[in-house]
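K.L.:
Shown below is the structure under consideration.
The values are calculated or read from the model by the stated rules, or taken from the named source; none is laboratory data. Values in this document were obtained by computation on a predicted structure and should not be read as measured data. All Cβ positions, even for glycine, are placed from backbone atoms using ideal geometry, and neighbour counts span all protein chains on display.
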Amino acid sequence: MRILSWIFYILLFVLALAFALSNTEPVEVRFFAGQATWRAPLVVVLLSFLAAGVLLGLFACIPSFFRQRRAIAGLRKELKAVGRPVVTTAGGATEPVIRVEGAAAAPSGSGGAPPPLGV
């Protein structure tokens, strides 16, 4: 799987390089009804606006990121308040330990798999 991802990244890089090499003609971008102009190769203009869009998108996500972190912290406190332990998984995420009392054991030989549909 790692080899496939490297092949994909190399192919993506080659495509981006071909795009950049084929768009080197200078273009003029006019801002504010022609009051300000910027003359640069087309690929530089496109990549600049792409980077600006990515930054604006990241800045737009910051408030919801912190809101979600605050909500998660509140839910963890609530779990601790009701006495349910919170376990950290291998990926660093935390999950509550939920025990179901009185649950019937799976029949032997089924491996715990649910019955097929229609049965």
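K.L.:
Can you run down the residue pairs with Cβ atoms below 7 Å, 6 or more apart or on separate chains, where the first is in the stretch 61-89 and in a loop (DSSP other than H, G, I, E, B) and the partner is at pLDDT below 85?
P.N.:
ARG84/PRO96; ARG84/VAL97; PRO85/VAL97; THR89/GLU95
K.L.:
Sticking with this one: One residue is enough: does the stretch 34-47 have a residue meeting the conditions of a type in the set (Lys, Arg) and either modelled with pLDDT under 90 or in a loop (DSSP other than H, G, I, E, B) (or both)?
P.N.:
No: the stretch 34-47 contains no residue that is of a type in the set (Lys, Arg) and either modelled with pLDDT under 90 or in a loop (DSSP other than H, G, I, E, B) (or both).
K.L.:
Quick one: VAL43 ticks every box in (1) surrounded by 10 or more Cβ atoms within 10 Å (Cβ to Cβ); (2) without any contact (Cβ under 8 Å) to a residue 24 or more places away in the chain bar one, so which box is it?
P.N.:
Failing condition for VAL43: (2).
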